[in-house]
Amino acid sequence: MDVLALISPAFFGLVAAGTVIGIFFGAIPGLTATMAVAVCLPLTYSMGLGTGLAFLLGLYVGGISGGLVPAVLLNIPGTPSSIATTFDGYPMARRGEGERALKIGICASLFGGLFSLVVLYLFAPPLADFAIKFSFVEKFLIILLALTLLAALGSGMLTGLFSGVLGMFVSLVGVYDINNGGNGDIRLVPGFLETWLESGFSLLPVLIGVFGLTAVLIEAEHGVREDAATKKLLLASGKPFRLSVFRGQWVNLLRSSAIGTFVGLLPGIGGSAASILAYSQEKTFNRKEPDAFGKGAPSGIIASESANNGLTGGALIPLLSLGIPGDATTAILIGAFTLQGIQVGPLFIGDNPGVWQAIVIAMLFANLCMVLVMLFAIRPIARVVMVPKYLLLPIILMMCVVGAYTINSGVMFDVWTMLAFGVFGWLIYKLRLDMAPFVIGFILGPSAEVYFVKSLESFGTLTIFFTKSWIAMLLWVLILASVTASVAIARAGARRARMAAAAEA
Amino acid sequence: MNRRQFSVLGLIGGLAAAGFMPLSAGAQPLPDAIRMVIGSNAVSGDTYQNASIIAEALSAHLGIKVKVDAVGISEAFKAVGRDPRGTTVMFHHDQSYLSHLYGVRGFSDIFSAYKVGPVVSVNPGNAYLVPKQSPYQSVDDLLKAAADGTRIRVGIQAGGVSEIGYSALKNAARLAKPGSEANIVAVNSGSQADKNQQLFDGQVEVINGSVQANEQFTRLPDDDQKAMRFLWLTASREIIEEAPEAGFGQTSREQLLQYVTPAMRVTLDGQQDFVFDKDFFLLYNKDMPDEMVKAIDEALAAIYAKGDIQKTLKSSFFIPHFLPSQEAAAYLKTKDGNYRQVIEAIAAKN
């Protein structure tokens, strides 16, 4: 099919509409890009191939991008892939730089999206061939590399590691799914909860609980005191946004976009791992402001957002070159292709050059629309911090409950999960443990387990993790470098803290 | 809020409510809206595609809303088990009873725990594939190798449609040379992507796949690491003969017939050949009223009598196969009995 036959004014209109709806889904905690595409998929039945794909790709790009809004303004990741954005976005918003943080995130998202699109367009088939060199062993090592952030992200190395391991432990609750190569046995679940916890704790209720509800509880504990001056400070004070913030960030932008694209290329790893990995690498190798991460460093937002948007083009590579989805959202796109009578697989691009070009055009236009829409809407959106807390906190609470309830089409247990993890998050705060490593452990734990077990099942020996391929060896070098740098940073931080304490004394 | 704002909001609310209002269902015993949960959480698979076709046809015929929801198998069973009112029905395939036969945790006997609804279609594409440069040209080659002591690893997703063909291969090996079935071993790979990856890595000799998901890989050049070749399709010859002449992708029906019995034989008992047609059907809550079951049966009978749905199913490479609920239950019960024998025969020897 010729590309011109697929492109029409309606094509561009639907990309724009999809992007706006996607941003809306991404920005509401509990709704995700995957849900946006799944919910709207039936609407495309009656559309043509070009317009249907245009709409869905707009939803995809918008959904991934919208997640940064609540991550920055409310400290609640709108989608799991914007978790790392909360680490620095929210501290910036608290010191009056919410608008600046959002603009940084939007520009980084655009860069990541366009970077991955160029890679997709130029190198999709050879990269798909490269992707299949990554077996379970290499995928496990990539997860391990992302996990090296655990130690670096905590307030101390030990508390970071402890919180991370605790997160991994909680993620193992439930059945080791037979569809993931497991044995189907249930574990770590008391008998009376087996019905509800068969599939473990759902990711989104846990995230909404530990980010959203915990914040509400902490605020409530301190009492709601504020005055007009504070609100004004939150919106308008702090540094204004200048493009010069990206000066010196080229390495970060390129590395993070490349990490996002690359992780998208590997089926099964997912967007949250991409942004966490990019964030960890930037935190580890940033020499200019190593202590600023977690306290409102623009570099952190740039890393996270360019990586999660880099994923969009990356995840389409295995989809269009192997017929295998790179993430949960692109898995739904296969459904759209199938319903339109097109089979994706290794010969898709060669057999359907028109459709292929239409996809690239839709993605390009969706990225541009995303920037325009978000930049246009940013000022009214950022005013959310102006809403008095006695109104904002109940609204957040309501959004948390509704979000948790809708995730699995109305399962009340998800609301209890959200509430339980909200209280748990508050306890973690009181015990001075670290929430970020806990969440990272929780998200990456299941993938780490599946790939570790599958590696052993396939190869039968632990040494395979070191000997499988040159890629595995390279990943070990990166893991060691990351751990060494984390330890060095932690020690330097502790030394500075000691010196500061001594100076004060 | 002033009066004008109030009116605008009221108008928006009214329009939204009207948009969500189900169409009138008339005097039929069915509810105005039915949620059709499917036993898969992927909307990219054949279950979602089939369910969408059936849901759309039912919606149009009955004037009610039928919404497909991809919730995954255990959530689907739970959802339909909770709802005797007929507002939730389940759409799935043979995995529903095969998983119980394989003893997968959490699967009960569908014939006693649920009400079996109508069978609607068959996916003829359940396939076993080998790398293009594999020495195994036929199932016989595979069985001979197993008899000679070579270990054959088969990548499957355990406990369902993917495993039944593997069980049949093991059973055939046992009949060809008792004891040789131990050389055919399953690797529980998981998803199709992971099964493919294990074949690319040389970690398995055979994988379970499908005509739809793997056909393009069979057209790659021989020296491509990803190139595969069909070895065996489990469908019956009669089912493949009903597929469109053009087949699927660039593999014609004629070519596909080379991979089914009698061209490619896997014996069931030394006399008959093993075949497995992947049937899609509805499952209801055990207490769903009989008049609702009847209403859906009659609606589908009318839809199939009209003939349009057959074209839609065939264009998506599904074979129309309508059986009303009672016949469907008897038909699936027979299949359940046949496959139980295969599974028990292997289990007894291991």
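Skip the ligands, DNA and RNA, and give the accessible area per residue of chain A with a 1.4 Å probe, whole Å².
38 Å²
Computed over the protein assembly as shown, the P(r) tail beyond 38 angstrom holds 43 percent of alpha carbon pairs. Against chain B, whose longest principal axis comes from its Cα atoms, helix B:46-62 is set at around 30 degrees.
What residues of the range A:412-432 lie in the reach of a label at A:ALA501, counting those whose backbone N is under 14 Å from a point 7 Å from the Cα along Cα→Cβ? Of the residues in the range A:412-432, none has backbone N under 14 Å from the label point off A:ALA501. Name the residues of the range A:180-206, by number, that are at least 40 Å² less accessible with every protein chain in place than in the isolated chain; the surface is that of heavy atoms, probe 1.4 Å, without ligands or nucleic acids. In the range A:180-206, residues shielded by partner chains: A:GLU198.
Placing +1 on each Lys and Arg Cβ and -1 on each Asp and Glu Cβ, with no other charges, gives the protein assembly as shown a dipole about its Cα centre of roughly 3000 debye.
Placing one identical point scatterer on every Cα of the range B:47-181 and ignoring solvent, what is log10 I(q)/I(0) from the Debye formula at q = 0.12, 0.21 Å⁻¹? Debye output, listed in q order: -0.65, -1.28. A crude spin-label estimate for the pair B:ASP224 and A:LYS239, with each label 7 Å from Cα along the Cβ direction, gives 5.0 nm. Over the Cα atoms of the range A:3-504, what is the Rg over Rh ratio if Rh follows Kirkwood? So for the range A:3-504, dividing Rg by the Kirkwood Rh gives 0.96.
Let a ≥ b ≥ c be the square roots of the eigenvalues of the Cα gyration tensor of the range B:126-276; is it rounded (a/c under 1.5), or, if not, prolate (a/b larger than b/c) or oblate? Oblate, since a/c reaches 1.5 and b/c is not below a/b.
Interface area, chains B and A: about 3400 Å² of buried accessible surface, summed, with a 1.4 Å probe and ligands, DNA and RNA left out. Coupling constants for the range A:451-460 follow from the phi torsions by the Karplus curve (6.51 cos²θ - 1.76 cosθ + 1.60, θ = phi - 60°), and in residue order they are 6, 5, 5, 5, 4, 5, 4, 6, 10, x Hz; glycine and proline get x.
The Rg/Rh ratio for chain B is 1.04, where Rg is the radius of gyration of the alpha carbons and Rh is the Kirkwood radius.
Here the simple spin-label model places points 7 Å from the Cα toward Cβ, and for B:GLU327 and A:VAL483 these points are separated by 6.5 nm. In this structure, B:LYS144 and A:HIS222 have a Cβ-Cβ separation that, at R0 = 45 Å, corresponds to a calculated FRET efficiency of about 0.05.
Projecting each Cα onto the charge dipole of the protein assembly as shown (Lys/Arg +1, Asp/Glu -1 at the beta carbon, about the Cα centre), which of A:ILE359, B:ASN208, A:GLY66 comes out farthest on the positive side? The residue sitting farthest along the positive end of the dipole is A:GLY66. When a/c reaches 1.5 or more, the comparison of a/b and b/c decides; with that in mind, is the range A:281-392 rounded, prolate or oblate per its Cα gyration tensor? It is prolate, given that a/c is not under 1.5 and a/b is the larger ratio. For the range A:345-351, 3J(HN,Hα) computed residue by residue from phi via the Karplus equation (6.51, -1.76, 1.60; θ = phi - 60°) reads x, x, 9, 4, 5, x, 7 Hz, glycine and proline entered as x. Surface composition of chain B: carbon plus sulfur atoms hold 52% of the accessible area, using a 1.4 angstrom probe and ignoring ligands, DNA and RNA.
The distance between label points at A:PHE376 and A:LEU427 comes to 4.8 nm (points 7 Å beyond Cα on the Cα→Cβ vector).
Residues whose amide H lies under 5 Å from that of B:ASP273, counting only those 5 or more places away or on a different chain, are B:LEU268; hydrogens are built 1.01 Å from N in the peptide plane.
Placing +1 on the Cβ of each Lys and Arg and -1 on the Cβ of each Asp and Glu in the range B:126-276, which of B:GLY249, B:GLY155, B:ALA182 has its Cα farthest towards the positive end of the resulting dipole? The listed residue farthest towards the positive side: B:ALA182.
Take chain A, mark every one of the trypsin sites (Lys or Arg not before Pro) that falls in a DSSP loop and has at most 16 other Cβ within 10 Å, then report the longest stretch left between them, sites excluded.
A:296-431
Over all distinct Cα-Cα pairs of the range B:203-341, the Kirkwood formula returns a hydrodynamic radius of 17.6 Å.
Just the number please: accessible area per residue for chain B, 1.4 Å probe, all protein chains included, in Å². Value for chain B: 41 Å² per residue. If R0 is taken as 45 Å, the Cβ-Cβ distance between A:SER469 and A:GLU194 corresponds to a FRET efficiency of 0.65. Every Cα-Cα pair of the range A:24-139 was included, and the share exceeding 22 Å stands at 49 percent.
Dividing the summed -39500 (n - 2.57) terms of all DSSP H runs of n ≥ 4 by the residue count of chain A sets its mean residue ellipticity at 222 nm at -23500 deg cm²/dmol. Relative to the longest principal axis of the Cα atoms of chain B, the long axis of helix B:73-82 lies at roughly 40 degrees. Cross-linked pairs B:LYS132/B:LYS335; A:LYS288/A:LYS430; B:LYS286/B:LYS335; B:LYS306/B:LYS335; B:LYS132/B:LYS170: Cα-Cα separations exceed 24 Å for B:LYS132/B:LYS335; A:LYS288/A:LYS430; B:LYS306/B:LYS335. Got a sec? Which residues in the range B:312-338 would a label at B:ALA60 touch, if it sits 7 Å along Cα→Cβ and we count backbone N under 13 Å? Under cut-off, by backbone N: B:312-313.
Each residue of the range A:1-61 gets 66 Å³ once the volume of the Cα convex hull is shared out per residue.
Ignoring ligands, DNA and RNA, please state the percent of accessible area on chain A from carbon and sulfur, probe 1.4 Å. About 70 percent, which is the carbon plus sulfur part of the accessible surface. Figure note: A:PHE246, A:PHE169, A:PHE365 ranked by solvent-accessible area, largest first, 1.4 Å probe, ligands and nucleic acids not counted: A:PHE169, A:PHE365, A:PHE246. Here the 3J(HN,Hα) profile of the range A:205-212, calculated from phi with Karplus coefficients 6.51, -1.76 and 1.60 at θ = phi - 60°, is x, 5, 4, 4, x, 6, 8, x Hz, Gly and Pro shown as x. If R0 is 56 Å, the Cβ-Cβ spacing of A:LEU4 and A:MET398 corresponds to a FRET efficiency of close to 0.70. Given a 10 angstrom Cα cut-off, can you work out which residue in B:GLN250, B:GLN326, B:GLN198 is the most mobile in a GNM of chain B? Taking springs between Cα atoms under 10 Å, the residue moving most is B:GLN250. Taking the longest Cα principal axis of chain B as reference, the axis of helix B:290-306 is set at about 70 degrees.
The values are calculated or read from the model by the stated rules, or taken from the named source; none is laboratory data. The shown structure was predicted, so the numbers you read here are calculated from the model rather than taken from an experiment. Backbone-built Cβ (ideal geometry, glycine too); neighbour counts: all protein chains shown. Keep in mind that these areas ignore ligands, DNA and RNA; they rest on the heavy atoms of the full protein, side chains included. Shrake-Rupley method; radii C 1.70, N 1.55, O 1.52, S 1.80 Å.
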